[in-house]
């Protein structure tokens, strides 16, 4: 399974890619929205995790671009955030996000669990 | 003096005054005397004419007699010559010859009567003939001797001439005599007339003078009576004036003092001293109320009075060597007029106002102090009476409202300034009404003041009643201050807190993730000796995350930026969820956690917030309880649901209870081995419960005997719930950035 992590914070990129890799995923990362969308097209991941607040393109725009791309629109997108309002969560869900997760409140395992849940797989380390 | 004199003379105004009477008498006398004099003068003039007439007649008679005498003497001398032939006998003849013409001319000049002049001509002719006859005889005697001359004499011609001359002169003299007699009679008559006129005049004058004297005497008697009465009343008046507390000074129009009562002497330190009125201020030592600037002399009320002007209540300071103590006096001046309205002088009345002035000065000093204080404070302050009219308006109020105190004072405050809610525009005045009802009250949040130019500024503060010594409300004092800057600072703080929190959460989340992944072996096997420090790092990181989250919550709730999704919810569901999460933790510690709730309790609540509060309370209970258990109970009462969290823990001392709800406050007693909290949990919990219309408090706690924390929620569908929901909705509108 392939996962794309779009995240501007290096530490999170490393944490999440490591966690996914030890969990049996092939992980790729992108450090901003624009690069993320480009990588999604070339990498064709099974699931995408994206941060909300990023330079260049933010999470909302990433969501829009992916849902507008016929090759990517069925790929589940999970929005990761540190500071979100219920409106924000509502908004991303409306735009087609599969789930919203708060980074600081959740162990990295929760994120992998969410991916497994959405992909209907139960890969183990 | 004074008005009194005017009154006394007033009734006489229509009669003739004594002076007038004396003058009239004198004038009448003079007129009469002048009349008499004129009559006498006329008589004398006429008498003089008569007298010259008579003189002339006498002169004529004298001249004619001289003429006759001359002729007789000439004839006598001729006889002597004729007899002796000696020339010396011829002197009278020569004299007569010489005077003959002169005498005739004199006679002619003395009469205008034609008959008399005829007689004089005839006398002249006869005289000439007589003298010619005498000459003839003398010549004959000299040439032909005595006999020739004697013959001529004996002819008797000379004798005839002489007789005729005597006859004519007698006729002339008779005529003159007649004239004289006639004139004498006339002159006598004129003399009598004159005497009569003189007598009548004198008599008349006498009568006039006597009458005048009688009248004057009568007037003088009356005047004396009036003067007696006047002096009596004047004495009485003087006694009254002298007993006056007010100083009284009267000056005539020349500026000479005419009256100085006792009080005036005392107040001015000196009695009447005649001086140049322009020196009054200098000599009596008058100053402006500042005590140093000499009082302008021309402004003195008495000076003003003398120029016809009234002055009232002029205050001045008086200080001179004769005064024991310098003092303040209050002076009024008025001009004095006589009955006919002419200015006759001025009066000044004054009294000692030192005590009052000093009291006023003290008061004004106090007032100035109070005003300076009120003026210098930065907060707007105004006071209103019970009718809501502004009675005080300080400098800051002027600046904040754009209205001057002058414009504001006396007007209903609502005409000058309006407080209104800056979001919905509703008038905010209930705090003022409360103050007027005797209760100190704060301004509602988000109040703004509308200014004259239409702009508005956010304000805050309060109103307090003004209560008199009887406890009666006399008005209210309203304090308001511009909180624009505070609001800006608040926003800055909020922004800072949220940005800082966000920026902190990202790396903290990463640390936490790294540590937990290391611990789960994601980076390979972990040595046993590293497991404990890695767990410590993890716990510390969790505390940091919790702290940042709590700080964010506290900042949000204080700024009204915490979002509450209030709705009708079942309390049982919330209790159940919390218990489900925390029961495993209780079990870990070997504690019981049970809760009791009726089937369904509909409350007005944001379930997430209630769960947060419950988690906080139960979490604390678990933390501080080592034995026994935790019980959650519910009681419904009067539209409210009371939820209690009872533990069997260590309890909280009264001292700690008092501080427990302060920010960053934690129970101070030895907490060895217990995970420390952030010190914000209870504060945030209570603020959240309050926002939802409830209250949170320590119901009971005693050291060593456990604690009971309680909070209330409003039952749904109650009026109170309705109000809270509206309030929360309003705040949500004000803060679109609520989270």
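Since every read-out is calculated from the coordinates, none of them should be taken as a lab result. As the structure is a computational prediction, the values presented were derived from the model and not from experiment. Neighbour counts are summed over all protein chains in view; Cβ atoms, including those assigned to glycine, are modelled from backbone coordinates with ideal geometry.
Each label point was placed 7 Å from the Cα along the Cα-to-Cβ direction; for residue B:473 and residue B:170 their separation is 15.2 nm. Compute the label zone of residue A:71 within the stretch A:1-44: residues whose backbone N is under 15 Å from the point 7 Å along Cα-to-Cβ. Once the point is set 7 Å along Cα→Cβ of residue A:71, A:36-44 turn out to lie under 15 Å by backbone N, inside the stretch A:1-44.
Between residue B:115 and residue A:44, the simple label model (points 7 Å from Cα in the Cβ direction) yields a spacing of 20.0 nm. Ordered by the count of other Cβ atoms within 10 Å of each Cβ, fewest first, A:60, B:496 give B:496, A:60. So the label point goes 7 Å from the Cα of residue B:453 along Cα→C-beta, right? Which residues of the stretch B:365-405 then have their backbone N under 16 Å from it? Taking a point 7 Å out along Cα→Cβ of residue B:453, the residues of the stretch B:365-405 whose backbone N falls under 16 Å are B:398-404. Only DSSP H runs of four or more residues enter the estimate; each adds -39500 (n - 2.57), and after division by the residues of chain B the mean residue ellipticity at 222 nm equals -19500 deg cm²/dmol.
To the nearest 0.05, what FRET efficiency results for residue B:279 and residue B:232 with a Förster distance of 56 Å applied to their C-beta separation? Intermediate results must be reported in sequence, preceding the final value.
On the way: r = 36 Å, r/R0 = 0.64.
Plugging the Cβ-Cβ distance into 1/(1 + (r/R0)^6) gives 0.95.
Multiplying the residue separation of residue B:52 and residue B:252 by 0.36 nm and removing their Cα-Cα distance gives an extension gain of 65.4 nm.
If the chain linking residue B:370 and residue B:220 were pulled fully straight, counting 0.36 nm for each residue of separation and taking away their Cα-Cα distance, it would gain 47.0 nm.
Subtracting the Cα-Cα distance of residue B:195 and residue B:653 from 0.36 nm times their residue separation leaves 150.2 nm of extension gain.
Of interest is the spacing of the C-alpha centroids, which for the stretch B:123-180 and the stretch B:449-513 amounts to 167 Å. For chain B, the longest principal axis of the Cα atoms and the long axis of helix B:681-691 meet at an angle of about 60 degrees. By the count of other C-beta atoms within 10 Å, a proxy for reagent exposure, B:314, B:250, B:258 are ordered fewest to most as B:258, B:314, B:250.
The long axis of helix B:484-519 is offset from the longest Cα principal axis of chain B by roughly 20 degrees.
Name the shape class, rounded, prolate or oblate, that the alpha-carbon gyration tensor gives for chain A, where a ≥ b ≥ c are the square roots of its eigenvalues, rounded holds for a/c under 1.5, and otherwise prolate holds if a/b is larger than b/c and oblate otherwise. Before the final figure, lay out each step's value.
Numbers: a/c = 1.33, a/b = 1.17, b/c = 1.14.
Rounded is the answer for chain A, as its axis ratio a/c remains below 1.5.
Centre-to-centre, using Cα atoms only, the stretch B:677-695 and the stretch B:209-272 are separated by 94 Å. If r is the Cβ-Cβ distance from residue B:636 to residue B:426 and R0 is 25 Å, what FRET efficiency results, to the nearest 0.05? Calculated value: 0.15. Computed from Cα atoms, the angle from the helix B:114-143 axis to the main principal axis of chain B rounds to 40 degrees.
Okay, helix-only estimate at 222 nm for chain A: each DSSP H run of n ≥ 4 adds -39500 (n - 2.57), divide by all residues, round to 500 deg cm²/dmol; what do you get? Please report the intermediate quantities before stating the final value.
Details: 5 runs with 55 residues, N = 125.
Taken over chain A, the calculation gives -13500 deg cm²/dmol.
Counting neighbouring Cβ atoms within 10 Å and putting the fewest first, the residues B:42, B:417 line up as B:42, B:417.
In chain A, Cα pairs under 8 Å separated by at least six residues give a relative contact order of 24 percent. Here each label is just a point 7 Å from Cα along the line to Cβ, and for residue B:45 and residue B:387 those points are 9.3 nm apart.
Express in whole angstrom the spacing between the alpha-carbon centres of the stretch A:19-41 and the stretch B:531-546. The distance from the Cα centre of the stretch A:19-41 to that of the stretch B:531-546 comes to 29 Å.
Could you tell me the relative contact order of the stretch B:563-734? Use alpha-carbon pairs under 8 Å, at least six residues apart, and round to a whole percent. Please list the in-between numbers first.
Numbers: 310 pairs, mean separation 41.0, N = 172.
Taking the mean separation of contacting Cα pairs over the length of the stretch B:563-734, I get 24 percent.
Relative contact order, whole percent, for chain B stands at 6, derived from Cα pairs under 8 Å and 6 or more residues apart.
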